[in-house]
Structure formats: C-alpha cells, structure tokens
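Reading through the structure tokens given below for one structure.
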Amino acid sequence: MSLRISARPLVGGAARALALVLLLTAGPARAALEADVVLVYGSSWRQVLPAYAAAAKAPEAGSPAVARLPPVILWTTGEERWTEDVLRRLEPKKVVSLGPPGASGARLEIPGEVRHIEATDERMGSVLANAAFDEGDAPPAVYVAGGSGLGPALAAAALAAADRAPLLLAGARLHVTVREAGALARKLGAKEIVVVGEGDATALAAAGGRRVKVLSGDEALAAYAARARSRHLVLASPADATGPFSPPKLSLLSVPYALGKGAALSWVDGSSPEEVAAALESRGEGPYDFVTIIGDHLAVPMRHVEDIDQVAAGKADPRIHKVPPFVDPDGAASDRAVGRLAALDAYDLSRWVARLLHDVSDRQDGKGALVLANADHKFILGEAISRTTSAELANAGVRVESFYREEITPELIRKELPGHGLVLWEGHPRDLTLDDDALPAPESSLPPATFFLQGCYTLDRSDPYLLIERGATSVIGTYMAVYSASGSGFARAFLSSQLHEGETAGEALASARNYLLAIVELKKRRGHKDWRKTLRAALSFDLWGDPTAPLSVRARRPRKAAVTASLRGDRISMRIPASRLPRVEAGPYNAEIRPGAQLSALYDVDESKPGRRLVELFFAKVKLPPELGDDPQITAPYDESTYAWVWAPRTRKLSLLVHEAAVPKGAGRRDVTLRFQVHPGGKVSK
Amino acid sequence: MTAPRLSAILVCVVPAALATIGLVGAVSAGDETGPAPRKADAQAVPSIERTVRLTVRVEGNGGDAYVELPLAQSDEHQTITDETLVTRGFQVEEVMRDGNRLAILTFPKLEGPRRITYQFTARIRSTKVDVPATPVSVGDPPEEDRAWLRPTRHLQSTSPIIREKLIGFARPRMEAGENDAIRLAWDLARTAYERRKDGSRTVLKATRTGHASDRGIDRLFATFLRTSGVPSRPVFGVDVGKRKGGRLTTWVEAKAGGAWVPMSAPRNLWGRLPNRYVKLAHGDRPFIVREGVESVRFRWKISRPVHTAEEVQ
C-alpha cells in the first residue's frame, strides 16, 4: 500500500491552508510519525531536521536514549544499492518516505507499507508537524529554529525530539514562522513557543499569541544536555554543511546518534575537541568518558605532529602526521574512549548511524573472526604476534579463521570478507575492497562488522570509506607508519581488553594505546633505543565507530584464565595463570604465552635453542582511590627494569606493565602472583 | 534505467542494424547552464575505420552466471556498424543504464569455460571542442547531475584528503579572481602529482604519496571535478592504435556548458579525443561486471575492416 501526501510550492495563504487540510485528513491522528523507518530523499537540512522531531517517541524503560527514533536514512540517486540493503536488514513494516516534490518518483525498492510525504524545504517542517502531531498531544512547546545557521537548527531539532515536540524552521521572516507556530501550539495544546536562535521574545509573543522563550544555540544545547545527563559527548561541526567543494554534511546525523545514545551534543566550530570537552566539564557538565566525533578531519580538526622518529634521526623534512583527538602527542595516558564517525557523505553516515542504533544483523551474517596476517611475507614478527591473537580469540570461544602469507589471495579476501563479524588485517596495507581495476569483484554488502586494519596509514586509504558504505560498523586503523610488532601488539592488547574485561571499542582503544605507552616507559627503563617507533604507533591508531560498542563477535568465558590484577589498600596484586595458549611459530619467532599476556618486539635469544622467543608482558589496569594521590609511584621487589606504568589522572586509572623477568625463577608452570606497592604521590585527597 | 528488451537480440548474433537502436549520444546535450562547448577549428584529420573484436572468457563455477558487457554506441566521435555478439549459450538482453548500452548475459548454473565474442566496426573521427569555463558550484546540484557528482568507489570526491588538497590549491587562485573549476582541477591533477607508470591508481593513496599512474591522474581529475561541483565520469574505451599490451584505456568526460566533453589530464587532452579511441562505457563501474562466476578474462583484436567489392566488367 502506498499513501501519498504532496505539498508542492504553495501560492497564497488559501492554497496553503487547503494543503494543510488535505494533509490533516490524509491519515489517522498520531503523536509521532508512525514509521519503522524514515527515508529522506536528498540531504537538505530543512527536510531532515523536522523529521527527527516528528518521528521521536519516548525512550523505552531502561534505555539510555533521550528519544526513541526510528532509523532516519538519507538517500539519493546512486545510493539505491546500499539503501535497499539496509532496508532489507531493517525489515520495516511501515516506512515514511520524505522528500521534495517529485522525489517519491525516484526509484527505490522500499519494503512494507510506504507513506510518501512531499514538501518543499520551506514547507516540510509545517507538513511534518501537522502529519505527526494532533490535538491533545500537548507537547511542552513548539520549537522554532530561527535564522539561517545550521548549529541552532540542529540544537533545536535535538531539543524538540527530546521533548517529542514539533519543529518548524524559520526562513527569512521569523515572525511568520512564529505565527504559524502559535497556531500549531493552540491546536496541540502546547503552552509555549521556543525559538532557538535570535529574536525579541516580546515581539515574537505578539506574533505567536503564545509565550515565547528565546534560547541561543548554546543554551539549547545545554538544555538538551540536561535531558541527556550522560557521560557520553557527541561533537560535530555544523560548518561541514555549507560552502564550496562538496562539504559532506555529516553534522546532520549528530542529532539521531546523540538521541539514540543518550549523549550530550556540542559543536567544535573554531575550537578543538579537547577544548570543547574541557569547557563543558568546567561548567559542570559531564564528565565525559566517551566522546564521539561526527565529522571528518576537515570539520573536526586533528592535531598535526612531526614524525617523532624522523625528528630524532635528524631528518630535515620529517613527515607530518595527524594525531587523533584526545591523544597526547607527548605520550600522556589516554583517559577517554573516543570514536569518530567519518563517512564520505551524509547518505553513508545515515545508514551507519542506523546500523549503530538499530539491530541490522540477519541470520546470514557470519559471527566469527577472520584474521589475515602477513600477506606480503614481510612482517614475520607481527605474524607471530597475530597467531597468538587468533589463539586468544579461540580461547574465548570465538570462531576464528586465520590465514597467513600466500594463503591470502584476492579470491580468498573476496570470499571471506563478507562472512565475519570481526576482520583483523595485519601487515602491509592494501585496499581490500578495490580488487582488480577493470574486473573488480562484485561489491558484496557486509555484515555489521568491525574491521581492524593494522598497517601503515590505513585510515588514509579507500578502504575505510568503502567498508562503511557497504555495512561495516567500525574501522580501526592508523594515520602513520606502524612497525609490525607494535601494530600487532596493539591489536592484541585491544582485543584482550574486549575479551577479558568486556571493554567497549573506545575503552579498548584507550587501553591498547596505554599498553604501548607503558612499553615506551619500559623500554626507556631497560635502555632500549627504539622506543620512539613504539610511541609513534601509540599515537597512530584511531577508531572510526561508536566508542560505546561492545565486541562485535560472540565470545564466552575463556577456557584458560587470563592475567588479572586487583587492588587491596595500597597494594596491587597481579595474578599470572600457569596455563598457556598453544605455542605459535613464524619464521624465527615463537611464543607460548598466557591468556591476556601481551607481546611486543622484545625477544630472548637462547644460544642453546633455535629461534627467537618472544618475551611475555603482563598488562593490567587498576583504578586507584583519591587517597593514593594524583601522581602515584609504584615499587616492587623486582628489578626496576621489569615494570613500568602510565597514569591517567582524570580517570585515576593506572596501567601497569610487567616484564616476564619479574616472575620468580623456579615458578615453573604454576600460577604466580606478583605484588606491587602504590606510594601516594603528588596531591593527595583524604 | 532499463531499456525495452530487444527480442531480436535473444538470438546469438546481434544484427548490425540493431546497433543504432536506442543510442544515447556520448556528447549529449543537457541543461544549458552556460555556453555550450562548440567544435573547435581543428586540422582536418581523416577518420579511420577499424574492426574491434573483444573475446571474453567466462569460467563458470556452477552458479548462475551474470555478465554485463558494455556495447559501443555511435556519436559524433564514432560510428558503429557491423556489430555482432556471439554468446554461445548465454541468454542476452540489451539495456540502457546511466547512458551506457549494456548486454546483460546470463547462463544458469554455468560450469566450465565459455567464450563470448563481441565485434564491431568503428569509424572514428578526432574530436576537439572548446571547453567553456565552469564555476565552482555551491549548493545542491540539479537532479540529473547528482549521479555524476556523488563520491564513488574510485572517485572519493568528498574525502577530506581530497577536499583538503583541492581547497589548498584552489583557494589562492580563487582569491585572485579565478573561478574555472575545470581549469583548477586540471592544473592540480597535472602539476601536483608525479606521473609514474607504477604510480598509484587510487586517489587517496596518490594524494598521500604524491605520485600517480595515468589511470590515477585521470581519476584524480574526475574526482576534483566532482568535488568542485562539475559532473564528471571516467570513460572506458579501446585504443585501436596501440600495437602492444592492453588496449583497454580510460579518459574522463566533464560536463561543461551542459554537454559532456572528453578530457585526459595525463595525456594532455583538453577537450580532445584522438581518432584512436573508441568509447565503450562511462561511469565509475567495472569494465565488465560479473557475478556468480569463477573468473572472467578478456582480450582484444583490432584489424582493418575488409570490404567485399564487386568487379563490374
């Protein structure tokens, strides 16, 4: 069944009134658009933002969401394939399809009952308000986004959706829209009109015939944040929607994502993400342990640093690298779980946000992990570490398929890529999605999977965008050159944190970064010279995805227990289990390590034995109470070269790294507990 | 857009006359948004005539084989005659999609290898048109241009890496009063990348490394055009003048003044297309689309057409 509503450009008030009457009689009264999916043709914010307000419902009990919004998917010519794919996965029974006049004729196969609503940019707010709300709904207000700026309009949309209230977008004549809002408020029983932007409340009240409150964009964001009350902050840049050279308009999707996640929302225009978060926290919002950046690095800039390794080597013209937000170039511990949603355009991002907020898995999706390592035969040490990561996944009950070196062919990639919930690529980067130039493989849609692209500059290639376009939910990659041991060590630490501690993607990324930073400290203590490459790797990795997302494959309690640590008073106990994962070998390297143990480029050469045995490292995180100060120091009855730590004052998390040499000789194959003393340091709170 | 199914093509051989059915001009008129390109005064270059044979070897794997083969079309640059398509058991349907004329070939449960042979004769003329200046655009494009402005697999025109590169290059020149998007994209693609035979073919890697192959430079040019709001599309064609190596070649079409004009930054073809190139398809699409098969390979044979004459005594 297909119901069509059309509000083409109107001439004169009578025609407008007639159109509204037709609209109101087109369907049954409802408090919000009755839709399992809202489709919007094009990416005009004047079409999209009122849809958020019109489709929002109260969140389900226990949900962190500020509002329950159906997937709002933007599409246009050329996006049919992937739009239809996500629609197939969502299996909607009722779809509302919005667009400018004539848009519903565009070719798209839409499942379920479709209701077409067409209106010009100028009329869409009014049309949707009248289609979604009815007398007696009594929303707290009718919202009006004043002026032409997108920032206030986004804030107004978030606030309106949070309040399940209609949103009208003003054009050049604010008082005309306020007058219309007044009529709507009277009909719905709303007590006031809230104008987000600028305006004279008294004069506008006269126009609207209702009390008018005027909020600035920042005040609207603060009012929305008060409704969210979350430790999750979403940052975007409304400036990414205007100007020449194809701005991607990603900020349009900040509203449904923030609503669905129950996250606060703010803009970075002219400031860095770090500055914005600090400013919000200083005025009592947050604290924000999770930050999602919505926008590419032109919209939400990244810091740039000279290549630390090349600078130390005296290179005159060192490479310049991007550093992910909230990552300290000097190596201070990471203390926030951060992810970025960066797609090629708002169409791709709308599907991505839909996947992040709604269950799009289907029974055909592969649930296991795929590990592809060392396809170019160059990274033997990384391959050895990667083999232990496969073993770690298997130990936690994850179905793993691992391929190495010449086993990895274009045909294998083509066949296996769509069938897994987690894909770990380790080695020289290549674009897994591009294939042959003239005869590329068919473009398969992908399950909502995590792709960990462990190699050099993997986030500066084509793959991340194409993987996201086709259905991936997360891509983890790098902005710099990464040596294989550090890179594979990072991937192993990331997955260990998810498998053994249940960390989210963002938390695991911060943990893995802190692991490499602790290695830097350990290497310095041990006199190793090449710690800068490890530091560079620590700064390299970024998450394109939801920092609150759990592990993307099914896991269970590990068969063999992992390394753990606990705090009692001022003592940390680290328990090293006896049982080990299966021995792995790659070229001259071998490792037989305990679950949860970590690896790096450190190895032993035993003249009496062939090969190079990788040294086990034990890594644990402990939250310290305030009475242990803001600069705690660690001592232990082991050589100082066998342990190091990094400390995150904001979260009070200590990340402790221990070299296997700290394990007493003669411990043999039994459980061992290592003990560390925490000494209060710096400023101590009683 | 699917063209009416041509029942006559369901036989194995396409009658030559059908080649002219449903033609869409490669240099087609669209909305007149500016001065239309006009044919430049070119030296009189004679047209040439060549017979092109494309042999495609499809290896089945027991699945339902699907192959999309582009068919040449007549336009101001080329006239296609004597067209045959020998499908050897494949069902064939001709469709028009995005201005491309395609043979859709299907074979249920195809096992083992099968050959498809496509042959035509092309009379090819050199094309040279003036390229009107086209401003960098702001705002939403006309509906008919959307498909040629969106980012695609190889033309990631909204990537921040691409936008950063183009903005950095164009901003000073625009501040100095220049606003020809095609010239800006052309100059950037031609001057900011080292042209290398083994250079990158992907626009993001090329932008990071600073070197690109000819294919990569063509893609960069098309990508920068899209970023600037100028509709563009890569073109697949066959180089009938090439004696060795792969004859499949590419260039770019930019929409300027409402018409598509041929360009190639690495070969310095500004509004020009020599008579050695036959256009087969446009758009960021594979040359041959296939699904449900083990593999596809193809090869070309170019020859001078043989005409049978009658001796009158």
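The values are calculated or read from the model by the stated rules, or taken from the named source; none is laboratory data. Quick caveat: nothing in here was measured; it's all calculated off a predicted structure. Here the Cβ is made from the backbone with ideal geometry for all residues, glycine too, and neighbour counts use every protein chain on show.
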Item to check | All positions within region A:280-336 that are out of contact with any Pro (no Cβ under 6 Å at 6 or more places or on another chain) and among the acidic types (D, E) | outcome: A:E285, A:D289, A:D309, A:D317, A:D328, A:D330, A:D335
Item to check | Selected residue (only one of B:G216, B:G237 is crowded, with 24+ Cβ neighbours inside 10 Å, under 20 Å from B:N100 (Cα atoms), within 13 Å of chain A (Cβ to nearest Cβ) and touching a strand residue (DSSP E or B) at 6+ places or on another chain (Cβ under 7 Å)) | outcome: B:G237
Item to check | Sole residue being of a type in the set (V, I, T) and closer than 22 Å to A:L184 by Cα, chosen from A:T77, A:T120 | outcome: A:T120
Next on the checklist: So, in region A:64-107, how many residues would count as being in contact (Cβ under 8 Å) with a residue 60 or more places away in the chain, part of a loop (DSSP other than H, G, I, E, B) and either within 13 Å of chain B (Cβ to nearest Cβ) or farther than 29 Å from A:A228 by Cβ (or both)?
Outcome noted: 4
Item to check | Sole exception among (1) part of a loop (DSSP other than H, G, I, E, B); (2) away from chain A (no Cβ under 11 Å) for B:V138, by number | outcome: (2)
Item to check | Selected residue [of a type in the set (A, V, I, L, M, F, W, C) and surrounded by fewer than 20 Cβ atoms within 10 Å (Cβ to Cβ)] from A:A620, A:A667 | outcome: A:A667
Checklist entry - Given the conditions (1) within 14 Å of another protein chain (Cβ to nearest Cβ); (2) farther than 25 Å from B:K242 by Cβ, which single one is not true for B:V56? => result (2)
Checklist entry - Counting only residues that are surrounded by fewer than 18 Cβ atoms within 10 Å (Cβ to Cβ), touching a strand residue (DSSP E or B) at 6+ places or on another chain (Cβ under 8 Å) and among the charged types (D, E, K, R), how many does region B:277-313 have? => result 6
Item to check | Hits in region B:67-89 - residues which are farther than 30 Å from B:W260 by Cα and either hydroxyl-bearing (S, T, Y) or touching a Lys or Arg at 6+ places or on another chain (Cβ under 7 Å) (or both) | outcome: B:T87, B:R88, B:G89
Checklist entry - Tell me, which helices (runs of 4 or more DSSP H) wholly within region A:325-426 include 3 or more residues that are at pLDDT 95 or above and not assigned by TED's automatic domain parsing to the domain that holds A:L49? => result A:346-357, A:380-395
Checklist entry - Could we say that A:E469 is crowded, with 24+ Cβ neighbours inside 10 Å and under 16 Å from the mean Cα position of the chain (by Cα) here? => result yes
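This table checks each residue for (1) of a type in the set (D, E, K, R); (2) more than 9 Å from chain A (Cβ to nearest Cβ); (3) part of a loop (DSSP other than H, G, I, E, B).
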site: B:A133; (1), (2), (3): no, yes, yes
site: B:R150; (1), (2), (3): yes, no, yes
site: B:K205; (1), (2), (3): yes, no, no
site: B:R208; (1), (2), (3): yes, no, no
site: B:F221; (1), (2), (3): no, yes, no
Next on the checklist: Among the residues of region B:174-203, what is the count of those that are among the β-branched types (V, I, T), within 9 Å of chain A (Cβ to nearest Cβ) and over 16 Å from A:D437 (Cα atoms)?
Outcome noted: 0
Next on the checklist: What's the total number of residues in region A:254-270 that are closer than 22 Å to B:E164 by Cα and either assigned to a helix (DSSP H, G or I) or in contact with a strand residue (DSSP E or B) (Cβ under 7 Å, 6 or more places away or on another chain) (or both)?
Outcome noted: 2
Checklist entry - What residue, among those in region A:170-227 that are of a type in the set (D, E) and within 25 Å of A:R123 (Cβ to Cβ), is surrounded by the fewest Cβ atoms within 10 Å (Cβ to Cβ)? => result A:E198
Next on the checklist: Exactly one condition in (1) crowded, with 24+ Cβ neighbours inside 10 Å; (2) within 14 Å of chain B (Cβ to nearest Cβ); (3) outside any loop (DSSP other than H, G, I, E, B) is false for A:D296; which is it?
Outcome noted: (3)
Item to check | region A:431-485: number of residues that are closer than 15 Å to B:R153 by Cβ and within 11 Å of chain B (Cβ to nearest Cβ) | outcome: 21
Checklist entry - In region A:651-686, what residues are over 30 Å from A:L581 (Cα atoms) and either hydroxyl-bearing (S, T, Y) or modelled with pLDDT of 95 or more (or both)? => result A:T651, A:R652, A:V678, A:H679, A:S685
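Residue-by-condition table, conditions (1) closer than 24 Å to B:R276 by Cβ; (2) assigned by TED's automatic domain parsing to the domain that holds B:V230; (3) buried (at least 17 other Cβ atoms within 10 Å of the Cβ):
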{"site": "B:F107", "(1), (2), (3)": "no, no, yes"}
{"site": "B:L110", "(1), (2), (3)": "no, no, yes"}
{"site": "B:Q119", "(1), (2), (3)": "yes, no, yes"}
{"site": "B:T134", "(1), (2), (3)": "no, no, yes"}
{"site": "B:S137", "(1), (2), (3)": "no, no, yes"}
{"site": "B:R150", "(1), (2), (3)": "no, yes, yes"}
{"site": "B:I161", "(1), (2), (3)": "no, yes, yes"}
{"site": "B:L166", "(1), (2), (3)": "no, yes, yes"}
Checklist entry - Name the pairs: first residue in region B:289-306 and within 10 Å of chain A (Cβ to nearest Cβ), second residue modelled with pLDDT under 90 and not in a strand (DSSP E or B), Cβ to Cβ under 7 Å, at least 6 apart or on different chains? => result B:E291/A:P442; B:V296/A:L439
Next on the checklist: Considering only residues that are surrounded by 18 or more Cβ atoms within 10 Å (Cβ to Cβ) and part of a strand (DSSP E or B), which ones fall in region B:80-94?
Outcome noted: B:I80, B:E83, B:L85, B:V92, B:E94
Next on the checklist: Suppose we filter A:S272, A:S246, A:S254, A:S237 for residues that are under 20 Å from A:D542 (Cα atoms) and within 14 Å of chain B (Cβ to nearest Cβ); which single one remains?
Outcome noted: A:S237
Next on the checklist: Please verify whether A:V615 is within 18 Å of A:A491 (Cα to Cα), surrounded by fewer than 22 Cβ atoms within 10 Å (Cβ to Cβ) and over 32 Å from the mean Cα position of the chain (by Cα), treating the condition exactly as stated.
Outcome noted: yes
Checklist outcome for this item: Of (1) within 14 Å of chain B (Cβ to nearest Cβ); (2) under 22 Å from the mean Cα position of the chain (by Cα), A:G42 fails just (2)
Checklist entry - Any idea which residue in region B:192-213 is farthest from B:A265 (Cα to Cα), counting only those that are touching a Phe, Trp or Tyr at 6+ places or on another chain (Cβ under 8 Å) and surrounded by fewer than 20 Cβ atoms within 10 Å (Cβ to Cβ)? => result B:R208
Checklist entry - Any idea which residue in region A:230-245 is farthest from A:G260 (Cα to Cα), counting only those that are of a type outside the set (A, V, I, L, M, F, W, C) and in contact (Cβ under 8 Å) with a residue 12 or more places away in the chain? => result A:T242
Next on the checklist: I'd like to know if region A:621-639 contains one or more residues that are in a strand (DSSP E or B) and among the aromatic types (F, W, Y).
Outcome noted: no
Item to check | Condition check for B:T249: under 28 Å from B:V138 (Cα atoms), of a type outside the set (A, V, I, L, M, F, W, C) and either in contact with a strand residue (DSSP E or B) (Cβ under 9 Å, 6 or more places away or on another chain) or outside the structural domain of B:W186 (by TED's automatic domain parsing) (or both) | outcome: no
